Amino acid sequence: MPETKTSRVISGLRAMRGLSAREVARRAKCADMTVRRVESGEQDPSVGLLNRLLDVLEADQKTRLSLVNP
């Protein structure tokens, strides 16, 4: 699956925060495989999941808006 803007943002923020996919998943209340699929572009997250991931990864408002308005 091709990389998407969402996958790049999520994986980049996770790397910046030094968190494992498992830890992000635990905090976002989803499966770690789900985080991996979102990061690889295999899965588009629902709005709810995307918001939880962005909360866990402490995304700023500019980053959040860039995903809503590409």
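The values are calculated or read from the model by the stated rules, or taken from the named source; none is laboratory data. All of these numbers come straight from a predicted model, not from anything done at the bench. Cβ coordinates were reconstructed from backbone atoms using ideal geometry, including for glycine residues, and neighbour counts include every protein chain displayed. In case anyone asks, the SASA skips ligands and DNA or RNA and just uses the protein heavy atoms, side chains included. Shrake-Rupley method; radii C 1.70, N 1.55, O 1.52, S 1.80 Å.
Listed highest first by mean packing, meaning other Cβ atoms within 10 Å per residue, what order do 39-46, 61-68 come in?
The peptides rank, most packed first, as 39-46, 61-68.
State in Å² the accessible area per residue of the chain; use a 1.4 Å probe, count heavy atoms of protein chains only, and round to the nearest integer. Each step should come with its number before you reach the end.
Details: 4420 Å² over 70 residues.
Accessible area per residue, the chain: 63 Å².
For the chain, which whole percent of the accessible surface, found with a 1.4 angstrom probe, sits on carbon and sulfur atoms?
Within the chain, the accessible surface is 51 percent carbon and sulfur.
Give the whole-number value, in cubic angstrom per residue, of the convex hull volume spanned by the C-alpha atoms of region 9-70.
It is 74 Å³ per residue.
Given a Förster distance of 22 Å, report the FRET efficiency between N51 and A31 from their Cβ-Cβ distance, rounded to the nearest 0.05. Please report the intermediate quantities before stating the final value.
Values: r = 17 Å, r/R0 = 0.77.
Efficiency, from the Cβ-Cβ distance: 0.85.
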